[in-house]
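Below is one structure; the comments refer to it alone.
The values are calculated or read from the model by the stated rules, or taken from the named source; none is laboratory data. This structure is a prediction, so every number in the text was calculated from the model and none was measured. Cβ sites come from the backbone with ideal geometry, for glycine too, and all protein chains shown count toward neighbours.
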Amino acid sequence: MGTIYKRGNIYWIQYYRNGKPYRESTKSTKESDAKRKLKKREGEEIPGIHFEKVWFDELAEDALRDYRINQRKSLDRLELSIDHLKGVFEGIKVINIDTPRIREYIEHRKEEGAANGTINRELAALKRMLKLGEGQTPPKVNRVPFIPMLRENNVRKGFFEHGDFVALRDALPEYLKGFVTFAYKTGWRVSEIKNLTWNQVDLEQKIVRIEGDQTKNAEARTVYLDEELEAIFTGQRAGRKKNEKLLPYVFPNWDGKGRIQNFAKAWKKACKDANTGKRLFHDFRRTAVRNMVRAGIPERVAMMVSGHKTRSVFERYNIVSDADLKLAAQKQAEYLNAQTVTKPLQSVVSIENHEKGESAESLGGSAWESNPPAR
């Protein structure tokens, strides 16, 4: 237990940590101030660290350093989140970051028009910063406050029907046709296909492999090429030999002299020419998942092809379209129409008429004779 005592007119407090006494002046002549400070120190003070001297900016830099050391691929996302968090928490002591202040941040971001999913990513970054501070030796954070998360409506909606894909592919420049076909069939991310090199391709075995350090979830993947993709890759390799510069990339840019960079202009024009409406390249990722599941490929295998690590994310990409719903209604109707109800219905009618005293002859005889009632 701590104690309060006076030196002259100033109150001092004494408290213990691991059996060692610590004394501190309250710089106040009021006993009530001393009681509050003692209570605070007993709950928050640890030798070597004064929690009230740790600022948000320090935790932010610690988190960025941790991501850089561990070469996390989401470093850019963290930097963006911290930039937004600084709008409210910069220059604030960590002990003052509590749930009410976090709710103020949420309101602030919603007023700026940020989506719930975006705000949640920023709140997750804040929680990560606090947890890293709590786990240090000695700790810089004594507690992680409750951080309320927002409800997200993050079901992905964009995907290609096969006819839309064919129309778009045909409208694209020649150098992008194989590029988008590979995306349509595998669901790989655009960065993974842009950086695909020939040392990842084995045409004899008809496989393409991407290593863990090249993927977002740090897991390697292998894809087998079907006949169409095999023909595309064979054509890409033959075209490679015609270039003045032997590039390592499977899909070079329009002039064959470098890696594909920004093709937004060509994409936008192709969407307009193919009359597909506004589309995103990421729609291929959703489409590949959906097509693989509809083709009867086990979901675990489909996840290995597309590179989805968790089932929850995979389910968001496994989209049900209007065509799927229409097909479900048609299949149900076909099933119900195939059910035989004629004979049971005749038996019931015959039994009811018999109980009323009507003869089988009055019913034409056939129903009663073919389905006599059980006794």
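Observations, loosely collected:
- Annotation for the stretch 185-198: no member residue is of a type in the set (Lys, Arg), touching a helix residue (DSSP H, G or I) at 6+ places or on another chain (Cβ under 6 Å) and more than 16 Å from Thr222 (Cβ to Cβ).
- Any hit, the stretch 220-231, residues being part of a strand (DSSP E or B) and at pLDDT 90 or above: no
- Residue match in the stretch 187-209 (condition: among the acidic types (Asp, Glu), assigned to a helix (DSSP H, G or I) and within 19 Å of Leu280 (Cβ to Cβ)): yes
- In the stretch 260-277, the count of residues that are surrounded by fewer than 19 Cβ atoms within 10 Å (Cβ to Cβ), modelled with pLDDT under 90 and of a type in the set (D, E, K, R) is zero.
- Counting only helices (runs of 4 or more DSSP H) that sit wholly inside the stretch 1-94, those with at least 1 residues that are at pLDDT 85 or above, in the same structural domain as Lys110 (by TED's automatic domain parsing) and surrounded by 12 or more Cβ atoms within 10 Å (Cβ to Cβ) are 56-69, 75-89.
- Arg237 touching a residue at least 12 places away in the same chain (Cβ under 8 Å) and surrounded by fewer than 14 Cβ atoms within 10 Å (Cβ to Cβ): yes
- The stretch 252-279, residues that are polar (S, T, N, Q) and closer than 15 Å to Lys194 by Cβ: Asn253, Gln261, Asn262
Listed here are the residues, each with its yes/no results for (1) exposed (fewer than 14 other Cβ atoms within 10 Å of the Cβ); (2) not in a loop (DSSP other than H, G, I, E, B).
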site	(1), (2)
Ile119	no, yes
Lys127	no, yes
Pro148	yes, no
Phe159	no, no
Leu168	no, yes
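- Selected residue [modelled with pLDDT under 85 and among the hydrophobic types (A, V, I, L, M, F, W, C)] from Val166, Val155, Val180, Val144: Val155
- Put simply, of Leu172, Leu150, Leu176 the only residue that is touching a residue at least 24 places away in the same chain (Cβ under 8 Å), over 19 Å from Asp283 (Cβ atoms) and hydrophobic (A, V, I, L, M, F, W, C) is Leu150.
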